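Here the structure is laid out as structure tokens; the discussion comes afterwards.
The values are calculated or read from the model by the stated rules, or taken from the named source; none is laboratory data. Just so it is clear, the model here is predicted, and its values are computed rather than measured. Every residue, glycine among them, receives a Cβ derived from its backbone with ideal geometry; neighbour counts consider all protein chains shown. When the accessible area is computed, the model is the full protein with side chains, heavy atoms only, and any ligands, DNA or RNA have been set aside. Shrake-Rupley method; radii C 1.70, N 1.55, O 1.52, S 1.80 Å.
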Amino acid sequence: MATFIKLFVTLSMLSLLACSTNAQLVNNFYGKTCPSLQTIVRTEMTKAIKNEARIGASILRLFFHDCFVNGCDGSILLDDTSTFTGEKNAAPNKNSARGFEVIDTIKTSVEASCNATVSCADILALATRDGVFLLGGPTWEVPLGRRDARTASQSAANSQIPSPFSDLSTLTTMFQNKGLTASDLTVLSGAHTIGQGECQFFRTRIYNETNIETTFATSRKANCPVSGGDTNLAPLDTLTPTSFDNNYYKDLVASKGLFHSDQVLFNNGSQDSLVSTYSTNGAKFSSDFALAMIKLSKISPLTGTNGEIRKNCRLVN
């Protein structure tokens, strides 16, 4: 009997340990340890977007690029040092990933209220949601409890973040590799209803592709020459680039997708029907986008005792 009790206690301890290291994300993770968290993030994001509306799109892009590389673990926020190579200088991020200073500001405010409690990964997830909402998009409950990575992978950032030059089959496979469906791909691409794209990423489309509206292509060439001007910007949504709505899909139906990876979603392929639906039903797009963002946010988080709670989002402790 004593042996049985000892075995039962041992198994119970192992079960508790397993739960602590494989904990699931929960909506109110910081309800008791940092009750002011969501108010702080919303306040700081409101200030940031008032200063520059584009920052909502920039932070949304940061979150996407973070989650596609080893999960939503804040690895994209880490700076390179003499002994550490981060993801900021990977091709998809170099000279284009932005919004880091906003995350720093939020982290400083959160630390002042709840020291060493909230991860940078969770701050990025909340800031992303608030940026979308403050630009007119949907809101959603953000599952929380992520911890911060102590590592990063420039090589994974180079190989696993979808490219603006990708075709539909490549995009579908890359999303499937992260547990996301083709429908998730199409609705999450709607993030391009806000933000700007660099000339180097759409030059080939406007000069060489035929499935593009002529007047639109001509207008984009004015700010994107055949050579030079690589970082010149153009809106991803021709109509309302600082409002989160369904106009991105209206652009696709009109052959005005800025990136090759945008227009492949409406080019006599498997996603044409869904694009058409979203182009005429903004409410469905908003609700589907919120659900897809929750799904995205759950990709391979570090929980329990894995990772750490960084003191500075740019550096491991």
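Quick look at the numbers
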| read-out | value |
| --- | --- |
| Matching residues, region 57-76, being crowded, with 21+ Cβ neighbours inside 10 Å, of a type in the set (A, V, I, L, M, F, W, C) and assigned to a helix (DSSP H, G or I) | ALA57, ILE59, LEU60, LEU62, PHE63, CYS67, ILE76 |
| Test: residue in region 135-153 that is of a type outside the set (D, E, K, R), in a helix (DSSP H, G or I) and surrounded by fewer than 24 Cβ atoms within 10 Å (Cβ to Cβ) | no |
| Test for ALA112: is it assigned to a helix (DSSP H, G or I) and surrounded by fewer than 22 Cβ atoms within 10 Å (Cβ to Cβ) | yes |
| Any hit, region 264-273, residues being open to solvent by 10 Å² or more (accessible area, probe 1.4 Å), part of a helix (DSSP H, G or I) and farther than 28 Å from LEU62 by Cβ | yes |
| Extreme residue, nearest to the chain's Cα centre (by Cα), among residues of region 77-104 that are in a loop (DSSP other than H, G, I, E, B) and of a type in the set (D, E, K, R) | ARG98 |
| Scope region 225-238; condition in a loop (DSSP other than H, G, I, E, B) and surrounded by 15 or more Cβ atoms within 10 Å (Cβ to Cβ); matching residues | ASN232, LEU236, ASP237, THR238 |
| Filter result for the condition that a residue is touching a strand residue (DSSP E or B) at 6+ places or on another chain (Cβ under 7 Å) and assigned to a helix (DSSP H, G or I), over ASP122, ASP130 | ASP122 |
| Count - residues of region 154-180 that are in a loop (DSSP other than H, G, I, E, B) and either within 16 Å of HIS260 (Cβ to Cβ) or open to solvent by less than 60 Å² (accessible area, probe 1.4 Å) (or both) | 10 |
| Near pairs, Cβ below 8 angstrom, 6+ apart or cross-chain, from region 70-84 (under 11 Å from THR151 (Cα atoms)) to any residue that is open to solvent by 10 Å² or more (accessible area, probe 1.4 Å) and hydroxyl-bearing (Ser, Thr, Tyr) | ASN70/THR151; ASN70/SER153; ASN70/SER300; ASP73/SER300; SER75/THR151; SER75/SER153 |
| ALA222 touching a Phe, Trp or Tyr at 6+ places or on another chain (Cβ under 9 Å) and surrounded by fewer than 21 Cβ atoms within 10 Å (Cβ to Cβ) | no |
| Condition broken by THR242, with the remaining ones in (1) touching a residue at least 40 places away in the same chain (Cβ under 8 Å); (2) at positive phi; (3) open to solvent by 50 Å² or more (accessible area, probe 1.4 Å) satisfied | (2) |
| The lone exception for ARG54 - which of (1) surrounded by fewer than 22 Cβ atoms within 10 Å (Cβ to Cβ); (2) at pLDDT 95 or above; (3) over 13 Å from ARG98 (Cα atoms) it fails | (3) |
| Long-range neighbours under 7 Å by Cβ, at least six apart or interchain, first residue among the β-branched types (Val, Ile, Thr) within region 273-284, second open to solvent by 50 Å² or more (accessible area, probe 1.4 Å) and in a helix (DSSP H, G or I) | VAL275/VAL253; THR277/LYS284 |
| Within region 181-219, considering residues that are part of a loop (DSSP other than H, G, I, E, B) and among the hydrophobic types (A, V, I, L, M, F, W, C), the one surrounded by the most Cβ atoms within 10 Å (Cβ to Cβ) | ILE194 |
| Test: SER261 is in a helix (DSSP H, G or I) and within 30 Å of ASP80 (Cα to Cα) | yes |
| Residue pairs meeting the criteria (Cβ under 8 Å; at least 6 apart or on separate chains; first more than 16 Å from LEU239 (Cα to Cα), in region 205-222; second hydrophobic (A, V, I, L, M, F, W, C) and open to solvent by 80 Å² or more (accessible area, probe 1.4 Å)) | TYR207/VAL226 |
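This table checks each residue for (1) under 23 Å from PRO301 (Cβ atoms); (2) touching a Gly at 6+ places or on another chain (Cβ under 9 Å).
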site	(1), (2)
VAL142	yes, no
ALA156	yes, no
PRO164	no, yes
THR186	no, no
GLY195	no, yes
ARG203	no, yes
GLU209	no, no
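Listed here are the residues, each with its yes/no results for (1) within 21 Å of ALA97 (Cα to Cα); (2) under 15 Å from the mean Cα position of the chain (by Cα).
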site	(1), (2)
VAL110	no, no
THR117	no, no
CYS120	yes, yes
VAL142	no, yes
THR172	no, no
ARG205	no, no
